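To start, the structure under review is shown below, and the notes come after it.
Every read-out reported here was derived from the displayed coordinates using simple, explicitly stated rules and does not represent laboratory data. It should be emphasised that the depicted structure is a prediction, and the values quoted were computed from it without experimental measurement. Cβ placement follows ideal geometry from the backbone for every residue including glycine, while neighbour counts extend to all protein chains displayed.
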Amino acid sequence: MNKSFKKREEIIPIINEKCQKILLLGTTGAGKTTLLRHLIGVENFPATSTSRTTIHDIEILSKKNNGFYEAVVTFMSEKETKNYIEECVSDAIAQYIKTEDEDKMMKHFLFHQNMKFRLGYILGKLHEIEKQEDKIDDLGFDFEEDEENTNEKKEEKTSFVKSEKIQNRLKSIKNKLIELSEEIKNKIAEGLSIDIKIILEDNTKDYFEQHEKAINKSENFENFTNEILSEIKNTFEYICKGDTHETNNWFDYWTFKTSDRELFFKTINLFSSNNANDFGKLLTPLVSGIRVFGNFLPNYHRPDEFYDFVFIDGEGLGHNIETASNLSENITSKFSFIDKILLIDNAEQPMRAASITVLKNATVYGIQKKLLLAFTHFDQVKGDNFATEQDKKDHIDFTINNVLNEILKENHGNQYQKSLEETINNNKFYLSNIQKKKLKKISGLELRKLVKELAYKNLDIKKIENPQITFNSYSLDDYLVESVNIFRETWNDFLGFSYQAKYKKVHSATLKEFTKRITWGQKEYSNLHPIQDLTFNLNKSIGMFLDSAILHHEIFKEEEIINTFDEIKKSLGEILPDEISKIVIENEEDMWEDAYYFTGTGSSRKRAFTIQKIYDKTTFEYKKNIREQKNSKFLLLIRTIVEQTIEKNNCNLTER
């Protein structure tokens, strides 16, 4: 668990709470946060929109608690905040040099390219005076004024973002950005033998090499980012309730407790809202996590049906997952203590890449029995071929079954097929129009069924005493070697070293951003998750080994075998990421820094080669002699972990 999670756990513990802990997963736009609102009976928390909204963990402990509400909000570190500011300023400067468009410059400054760090929420947004449209006397048809837009205009008149203070601050920032852009432009021009416009048009890569050098040498760039950091600190003055706790002159976390429900959510909105009218005082982009505790009951439930829950919501999974294991460490680290995974999927386009990845991970980590599927937008499933509601459900079920067959074929033996299919088929829910505050009867009943299933403690999921199964260790090393080689093949594709690549080569800028994040202390970026990819491959291969190496299969019940395999895989999923992270990242910080700081001609190739060297050094050389691979320190460590885990689960590993 990261430091922020541990801090929230100190103040409002959830891991050891004796209630069902539900992890919500789903693609961006599937309605994950909207569904969460219904599950906790709150209309305006967490924030929702049609774009990427949830950018940090939101943890909700719903429990009878004598009527008080409590919250703890943790913030990203000062170093990480400054790193993001530098990226925003650098991007804004590049846009101005390229286009000389002040509006584009400010947009890139206020809204980070990955849409996660949005300075505009904290600093505000320049108000543009709307140009009056040309009057058209005759459209050829009758029309009415758009009432919704009229209401928006009335609301804008009182919006905080348009205040003189905010607008003056932004105008000052804009002028300083223009000055800084001109300075950087001149520095770049001095280092070039050709016109800067030519290199921008013909060789953008060379331009950005010069761009970065100029920024690193600019004292004014450093001063400006520090000034923005100070402005951000000043925004904390808008906190008028609760207690702010600082460490080394930076905001570490905030706590608040009250019996006034309305005041509670009004206060916490400062850290979770995305309301455009409040731009200039929102702290949402700085938040690393929010945890709340209160008595939350859905409107469609009766008080006597109240259940204690922990709901955990996080960033959407995205739409284009290109590797087999791309769930972030932030998600998989929670597998160890959650009781159920609620996968929210879009019924219009069911079982796309991200949802399939969740199913694969659940199976590989031995937690497939914890899965429930909620299909939103069921009302939007339309077509002449659907005569009844059941036709629509059958259409979704057909897609699910195809996906399950592929997963089972790829990952496991036949004994898993029945377990996974039964879990999915018994835990599907179809939801319509959940974006509306007042649900229709059929949706209310379906949600009630969902809540009851979430509250049900399945005995099969509980840890039970495993039978003493014995495995033949003969083929274990072969499975482990193969899993590492598959990981290396994938990264050879990413790095551009494969002749017949299965996966697309990573763009040089993305690869550089990845190495930059490693120097920040992070372990992943975009679709690059080396620790999780390697853990996934190992767990997958170990599961296949267990299936092939079991001795006296006939004396054990199928359920006993599946439960035993699941417990072993769950244990490995908890141990392996930390061990691999120490070996591949933490012990090789200098090499990762070298990879990031390469500049000039050929730097992208050097960066790729350095990453390959890191993997050669920390695992074993790709496609090297099989005997040397099996005797590598890395493989011996993994084998030891597997042996110990099997023994801890009341099983044996023999060389017979």
> How high is the FRET efficiency from E17 to T247, r the C-beta distance, R0 25 Å, rounded to 0.05?
Replying inline: 0.40
> Which distance in nm do the two modelled labels at Y499 and N425 give, with both placed 7 Å along the Cα-to-Cβ direction?
Replying inline: 4.6 nm
> Quick one: putting +1 on the C-beta of Lys and Arg, -1 on the C-beta of Asp and Glu, what dipole do you get for the chain around its Cα centre, in Debye to the nearest 20?
Replying inline: 1300 debye
>> Taking 2.2 N^0.38 Å as the expected size of a compact globular protein, what ratio does the Cα radius of gyration of the chain give against it, to two decimals?
In response: 1.04
> Each label point is 7 Å from the Cα along the Cα-to-Cβ direction; what then is the distance between the points at R639 and E179, in nm?
Replying inline: 6.6 nm
>> For N652, what residues show an amide H to amide H distance below 5 Å, using hydrogens built from the backbone and excluding near sequence neighbours?
In response: I469, T470, F471
> Are any of the pairs K436/K457; K107/K217; K241/K440 more than 28 Å apart by Cα-Cα distance, and if so, which?
Replying inline: K436/K457; K241/K440
>> For F296, what residues show an amide H to amide H distance below 5 Å, using hydrogens built from the backbone and excluding near sequence neighbours?
In response: K63
> Pairs K82/K116; K21/K266; K79/K116; K502/K570; K125/K185; K523/K606: which exceed 22 Å Cα-Cα?
Replying inline: K21/K266; K502/K570; K125/K185
> Using modelled amide H (1.01 Å from N, peptide plane; none on Pro or chain starts), what sits under 5 Å from the amide H of H56, excluding residues fewer than 5 places away?
Replying inline: E315
> Using the membrane-span-like helix rule (whole DSSP H runs, Cα extent along the own axis of at least 24 Å, mean Kyte-Doolittle hydropathy at least -1.0), which helices of the chain qualify?
Replying inline: 78-99, 164-190, 219-235, 476-495, 530-549, 558-584
> Residue by residue through region 239-245, which ³J(HN,Hα) values in whole Hz follow from phi under the Karplus form 6.51 cos²θ - 1.76 cosθ + 1.60 (θ = phi - 60°), with glycine and proline marked x?
Replying inline: 6, 10, 10, x, 10, 9, 10
> How large is ³J(HN,Hα), in whole Hz, for each residue of region 498-503 in order, when computed from phi with the Karplus curve 6.51 cos²θ - 1.76 cosθ + 1.60 and θ = phi - 60°, using x for Gly and Pro?
Replying inline: 9, 7, 10, 6, 7, 10
>> Between D616 and E410, how high is the FRET efficiency from 1/(1 + (r/R0)^6) when r is the Cβ-Cβ distance and R₀ = 35 Å? Nearest 0.05.
In response: 0.80
> If you count, for each residue, the other Cβ atoms within 10 Å and average over each peptide, how do 435-445, 567-577 line up from highest to lowest?
Replying inline: 567-577, 435-445
> Ordered by packing density, taken as the mean number of other Cβ atoms within 10 Å over each peptide's residues, highest first, how do 391-398, 19-26 rank?
Replying inline: 19-26, 391-398
>> Could you give the length gained by full extension between E305 and K233, i.e. 0.36 nm per residue of separation minus their alpha carbon distance, to one decimal place?
In response: 21.5 nm
> Relative contact order for the chain using alpha-carbon pairs under 8 Å, separation at least 6, rounded to a whole percent?
Replying inline: 19 percent
